[in-house]
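The values are calculated or read from the model by the stated rules, or taken from the named source; none is laboratory data. Remember, predicted model here, so these are calculated numbers, not experimental data. Cβ placement follows ideal geometry from the backbone for every residue including glycine, while neighbour counts extend to all protein chains displayed. Calculation scope for accessible area: heavy atoms of the full protein, side chains included, ligands and nucleic acids excluded. Shrake-Rupley method; radii C 1.70, N 1.55, O 1.52, S 1.80 Å.
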Amino acid sequence: MTIAAFDLKRMFDAIAVAMEADRDRLCQLDGIIGDADHGIAMALGFNAVRDALASLDLTAAEPTALLNTAAKSFLNAVGASCGPLYATAFMRAAAAVKGKVTLADADVVALLQAIAQGIKDRGKAETGEKTMVDAWQPAAEAAGASHAAGKNLAESLQAAFAAAERGAESTKDMIAAKGRSSRLGERSLGHIDPGAASAVTVIGAMRDSLA
């Protein structure tokens with residue numbers, strides 16, 4: 001199965017719809033340990049991506065151009081907090097598939113891994129610090145392991161989603177070490193990190209649209 005620019009556009013459309021549906025829950029999660037605006041920021045960012053991609057000529061666009069457009073439009077819509085993280089993530093994804101017109105299973109896995117690495121690098125975060133990295137890193141590792149074991153793309157994306165869910169759930173037991181919620185110290189215990197929760201939403205929409 002190959003993925004073209006059109007399929008990636010459909011993926012971003014699906015993420016925008018999923019984020020809109022999850023917006024209030026994410027804001028509630030963020031209200032406990034942050035500014036209660038994470039769902040709004042994520043919906044704003046992915047709606048901007050969807051609008052920007054709607055005007056691209058997909059017959060001529062390569063995946064790299066589409067991903068770079070996604071990065072730019074997300075950052076323009078969400079300048080603070082998660083904006084630079086996802087912009088970096090999509091630029092890394094664009095670089096990972098540079099020169100390809102269509103993407104094979106291995107390329108999509110590499111794209112997912114590049115997103116996770118971009119978020120880690122830009123946020124200077126590691127797993128265990130109660131951030132979205134706690135969902136993205138296990139997802140990237142699970143997708144890679146699944147693909148290496150000979151599984152198809154649908155199975156690899158399902159493995160990524162399941163790992164992201166477990167990772168997000170595990171943030172309940174962590175004390176925030178990064179971002180605004182780190183000011184809460186022990187009070188951040190017992191709550192899922194909103195960034196990790198929204199990462200699960202993103203990965204779920206990727207799985208549903210690409211598989």
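Subtracting the Cα-Cα distance of Asp121 and Ala145 from 0.36 nm times their residue separation leaves 6.5 nm of extension gain. Rounded to the nearest 20, the size of the Cβ-charge dipole of the range 1-66 about its Cα centre is 140 debye, with Lys and Arg at +1 and Asp and Glu at -1. Rolling a 1.4 Å probe over the protein heavy atoms of the range 1-127, with every protein chain left in place, gives an accessible area that is 55 percent carbon and sulfur.
Dividing the mean sequence gap of close Cα pairs (under 8 Å, 6+ apart) by how many residues the chain holds gives a relative contact order of 23 percent. Once C-alpha pairs closer than 8 Å and six or more residues apart are averaged by separation and normalised to the residue number of the range 115-211, the relative contact order reads 32 percent. Split the accessible area of the range 136-211 by element, probe 1.4 Å, and carbon with sulfur accounts for 50%.
Heavy-atom accessible area for Met206, with the other protein chains in place and a 1.4 Å probe, reaches approximately 0 Å².
Put Asp134, Asp57 in order of accessible area, highest first, and with a 1.4 Å probe you get Asp57, Asp134. The accessible area of Ser170, taken with all protein chains in place and a 1.4 Å probe, comes to roughly 40 Å².
Other residues lying with their Cβ under 13 Å from the Cβ of Ser209 contribute a combined charge of +1, Lys and Arg counting +1, Asp and Glu -1.
Take the range 1-95 with all the other protein chains still there, run a 1.4 Å probe, and you get 42 Å² of accessible area per residue.
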